[in-house]
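The values are calculated or read from the model by the stated rules, or taken from the named source; none is laboratory data. These figures come from a predicted structure and were not determined experimentally. Neighbour counts run over all protein chains shown; Cβ positions are idealised from the backbone, glycine included. Quick note on the areas: whole protein, heavy atoms, side chains included, nothing else; ligands and nucleic acids left out. Shrake-Rupley method; radii C 1.70, N 1.55, O 1.52, S 1.80 Å.
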Amino acid sequence: MVKFAVIVFPGTNCDFETERAIRRAGAEAERVWYRANLRDFDGIVLPGGFSYADYLRAGAIAARQEIMEEVKEFAREGRPVLGICNGFQILTETGLLPGALRPNRIPRFLCRWVHLRVEDTETPFTTLYEPGEVIRMPIAHAEGNYYVDDPSKVRIVFQYSDEKGNVTEKANPNGSVLNIAAIANEMGNVLGTMPHPERASDRFLGSEDGLRLFRSMVEWARR
Amino acid sequence: MKWKVTVIVRLKEGLNDPEGRVIGNALRNLGYAVENLRVPKYFEFELESEKPEREVEEMCRKLLANPLIHNYEYSIEPVS
């Protein structure tokens, strides 16, 4: 059975939910402290939370820890690396994904459900979605305002939209360029998402739309 | 040799500074004619080094600033 590492930094707090969602999607998952080694794993998930209390910039200090060299190696080998919320911030800070996550346009913590339009179903994380499909997931962040110099070069995976899939200014919760909510690297094996798929991975949570992201990832890692 | 270093990290010109906007608005509400308030980050530390310029430059690039969205400046003085 394929096995994913869920990396825990000081201040990470979505590790248990993420571990559970991966198991529900049909793989093994193990929470590992950021000083562990990752050799025995088939994929890596950087979960949400507040690594190093978000001091300096969200994700900046975690991104400079030694374990991230191993994560980079994983990514170079084409294996799956998923960053959720703080994990996305860590991935941009390491340079594994382009751009930066700035404080929200209105500088406060946002915690609510959003609609997302699925833009790219060719990544290992989105094969079980339909192109253009509208899904629901929660966001919970203070620094989710995605910025990049040249958005035309970015592989956009989810965009904030209204419930009909219109990508409007009003549907943009944090000021991200082009309503960007999730992106992948060029190869597609590294994904960063501000919305939390693990918080939409069971009907009792209000949506199972996020579970398909983990299922896609697990299916792909099995091949 | 020991140095006293100060570093200022600023959001690049043209990038929105939400914290600055809120603080600027609050000051305007108090009756002050404040405009374009920005909130840079200020660091100060002591550094034992033979090549302080090079090391401080490196620190800024590696961690203290994100070159995509920030500019930075620093001053380095000997500790007396």
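The set of residues in the range A:81-117 that are without any contact (Cβ under 8 Å) to a residue 40 or more places away in the chain and more than 14 Å from chain B (Cβ to nearest Cβ) contains only A:111.
Taking the range A:65-80 as the range and being within 14 Å of another protein chain (Cβ to nearest Cβ) and open to solvent by less than 20 Å² (accessible area, probe 1.4 Å) as the test, only A:68 passes. A count restricted to the range B:41-80 and to residues that are away from chain A (no Cβ under 13 Å) and free of Cβ contacts under 8 Å to residues at least 40 places away in the same chain stands at 6.
Entry remark, the range A:152-176: residues being over 23 Å from residue A:217 (Cβ atoms), of a type in the set (A, V, I, L, M, F, W, C) and either without any contact (Cβ under 8 Å) to a residue 40 or more places away in the chain or buried (at least 23 other Cβ atoms within 10 Å of the Cβ) (or both) number 0 in total. Residues that are in a helix (DSSP H, G or I), free of Cβ contacts under 8 Å to residues at least 12 places away in the same chain and touching a helix residue (DSSP H, G or I) at 6+ places or on another chain (Cβ under 8 Å) within the range A:52-71 comprise just one, A:61.
Considering only the range A:130-151, how many residues are in a loop (DSSP other than H, G, I, E, B) and open to solvent by 10 Å² or more (accessible area, probe 1.4 Å)? It would help to see each step written out before you state the result.
Kept after step one, since they are in a loop (DSSP other than H, G, I, E, B), are these residues of the range A:130-151: A:130-133, A:142-144, A:148-150.
The next check asks that each one be open to solvent by 10 Å² or more (accessible area, probe 1.4 Å); those that pass are A:130-133, A:142-143, A:148-150.
Number satisfying all stated conditions: 9.
Of the residues making up the range A:1-20, those that are surrounded by 21 or more Cβ atoms within 10 Å (Cβ to Cβ) and part of a loop (DSSP other than H, G, I, E, B) are A:9, A:14.
Of the residues making up the range B:41-77, those that are touching a helix residue (DSSP H, G or I) at 6+ places or on another chain (Cβ under 7 Å) and either assigned to a strand (DSSP E or B) or open to solvent by 50 Å² or more (accessible area, probe 1.4 Å) (or both) are B:43, B:47, B:63, B:67, B:72, B:74, B:76. Quick one: would you say residue A:176 is away from every other protein chain (no Cβ under 14 Å), of a type in the set (Ser, Thr, Tyr) and either over 16 Å from the mean Cα position of the chain (by Cα) or on the phi < 0 side of the Ramachandran plot (or both)? Answer is no for this residue. Does at least one position in the range A:158-167 carry a residue that is closer than 27 Å to residue A:1 by Cβ, part of a loop (DSSP other than H, G, I, E, B) and touching a strand residue (DSSP E or B) at 6+ places or on another chain (Cβ under 7 Å)? No: zero hits. Check whether at least one residue in the range A:138-150 is more than 15 Å from the chain's Cα centre (by Cα) and among the β-branched types (Val, Ile, Thr), and report yes or no. The answer is yes; a qualifying residue exists. Of all residues in the range B:17-40, those that are away from chain A (no Cβ under 13 Å), open to solvent by 70 Å² or more (accessible area, probe 1.4 Å) and not in a loop (DSSP other than H, G, I, E, B) total 2.
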